[in-house]
1. Rounded to the nearest angstrom and ordered from largest down, what semi-axes does the equivalent ellipsoid of the chain get from its C-alpha gyration tensor (root of 5λ)?
2. Listed here are the pairs LYS47/LYS95; LYS191/LYS298; LYS81/LYS244; which of them are more than 31 Å apart at the Cα?
3. For ASP222 paired with GLU269, estimate the spin-label separation in nm (one decimal), with each label point 7 Å from Cα along the Cα-to-Cβ line.
4. Taking the 0 to 90 degree range and rounding to the nearest ten, how far is the long axis of helix 2-15 tilted relative to the main principal axis of the chain, both from C-alpha atoms?
5. Straight distance only, please: which lysines reach the Cα of LYS263 with their own Cα at less than 16 Å, same-chain residues fewer than 8 apart left out?
6. Under the 0.36 nm per residue contour assumption, what length would be gained going from the current alpha-carbon distance of ASN354 and ASP287 to full extension?
7. Short version: ³J(HN,Hα) in whole Hz for each residue of the range 136-142, in order, from phi by Karplus 6.51 cos²θ - 1.76 cosθ + 1.60 (θ = phi - 60°), x for Gly and Pro, what are they?
8. In the range 327-355, which residues have a backbone nitrogen under 14 Å from the label point lying 7 Å from TRP184's Cα in the Cα-to-Cβ direction?
Amino acid sequence: MQTVEANMKQKVQELWGKRPLIISGPCSAETEEQLVQTAQQLAATGKVDMLRAGIWKPRTKPGLFEGIGAKGLPWLQHAKKLTGLPTAVEVATAKQVEDALTFDVDVLWVGARTTVNPFSVQEVADALRGVDIPVLIKNPINPDLELWTGAVERIARAGIQRIGLIHRGFSSYGNSEYRNAPMWHLAIEMKRRNPNMIIINDPSHICGKRDNLLETAQRAIDLDFDGLMIESHIDPDQAWSDAKQQVTPTRLKEMLDAIIWRKEDVASESYHEALEKLRQQINHLDDELMQILSHRMKVAERIGQYKKDNNITILQTNRWNEILDRVVKQGENLGLSNEFITKYFDAVHMESINHQKKVLDS
Ligand code: PEP
Ligand code: MN
C-alpha cells in the first residue's frame, strides 16, 4: 500500500508540470456508484488527469444538499484504486483537511466562498503546516485580487510549495450571460503577478450551464491557461448540485477533442522574426498613441483655462454625450467594439477632467 501511495505522489508531482492539466468529476460525490462510474468513464476517455469531487459543499442557502461528508472519502479511494486517477477535494476547515489527508486525497482546493474569508483560509493553512500536498486556490467570489493574493500568501506561509490558481469567475447582482462573470483581465493580472504558478480555468462555475462551456474553455486555452477543471456526472440532469452545468464524460471528451490546444511558444526562427516585426509596429503605434493623448490633454488644459476665466463647470454633460455618440459611431465603422470605445473614452475623459481640474485649482 505504501508503494502505491508513493507512486501516486510521484504521478501527482509529474502532473504538476503537465499542460494541459485536465481535472474533472462531479460537483458532489453523491453515491459510491455515481462517483466510481463517473471516474471510470472519465479514465476511459484517456483525456483526464485527475478526479475531482465535492465532499463538503458550501451552499448558498440552507436546506440544499450540503455534501455527503467524510463517508464519501473511501469512495474516492476506491475510484482512485480502480482508475489510477489521483483525487482532488475542496476543504474549508481544519477537520476537513485532516479527514481528506487520512483518506489519501492527493490535491486539495480552497473554494471561492473560503478564499473570501481570511479566518477560514488561515485555519486551512494552519492545518496544512508540515504537509507536502499541492493546493489549488480558487478566486474569491468577489472581484478582489488582494483577497486572492492574501489566500495564496497564507497557504504559502504554511510551507506549501505547489500552489495553483483556479479562475472560476466572479459573482454579481442580477442576471447575466454567465453565472460568474469571467472578468478575464483579473485572471490575467493574477497570472502576471504569479508567473511560476499554474492557473487553471473552471468554465463550469463561470458558465453555470452547459451551453457555452466549450467557448469559455477555448478562451482560457487561448489565454495560455495551464489547464481546465470541468464538472462531469454520469447523469448530469439528476445531479444533486449544479445539475445545469455538468456534462457526461462522453460530452467532456467531445469538448476536449474540439478544443484547439495552443502552445505558448515555438522554436521557429521565421515565426519569431515575423512576430518581432509586428511587435515593433505595435510599439511605434503605442508611442504615437501616447503622443496624441498627451497632445489631447494639453488642449483640454487650454479649455480648462477658458473655463476658469469664465467661471464655468468642468463637466459639461451635453458635450460629453456628444463626444461619446460620435466616437461610438466612428468606432463601429473602424471595427472597434462599443464596449471598448466606451471604456477607453471614459478613461480619456476622466484624465481630461483631472488635467482641467489642476488648471482650475492653479
Ligand atoms: C465547486 O467546485 O464545486 C465549487 C463549490 O466551486 P466554487 O468554490 O468555485 O463555487
Ligand atoms: Mn459545483
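1. Those come to 46, 23, 21 Å.
2. Beyond 31 Å: LYS47/LYS95; LYS191/LYS298.
3. Distance between the two pseudo-spin positions: 3.2 nm.
4. With both axes taken from Cα atoms, the answer is about 20 degrees.
5. Of all the lysines, those that pass the test against LYS263 - Cα under 16 Å, at least 8 places apart if same chain - are LYS18.
6. 21.9 nm
7. Along the range 136-142, the couplings run 9, 10, 6, 5, x, 5, 9 Hz.
8. Residues 337, 340 qualify, since their backbone N sits under 14 Å from the label point.
All of the numbers you see were taken from the coordinates with simple rules; none came from a lab. Predicted model only: the values in this text are computed from it and were never measured. Ideal geometry is used to build each Cβ from the backbone, glycine not excepted, and the neighbour counts take in all protein chains shown.
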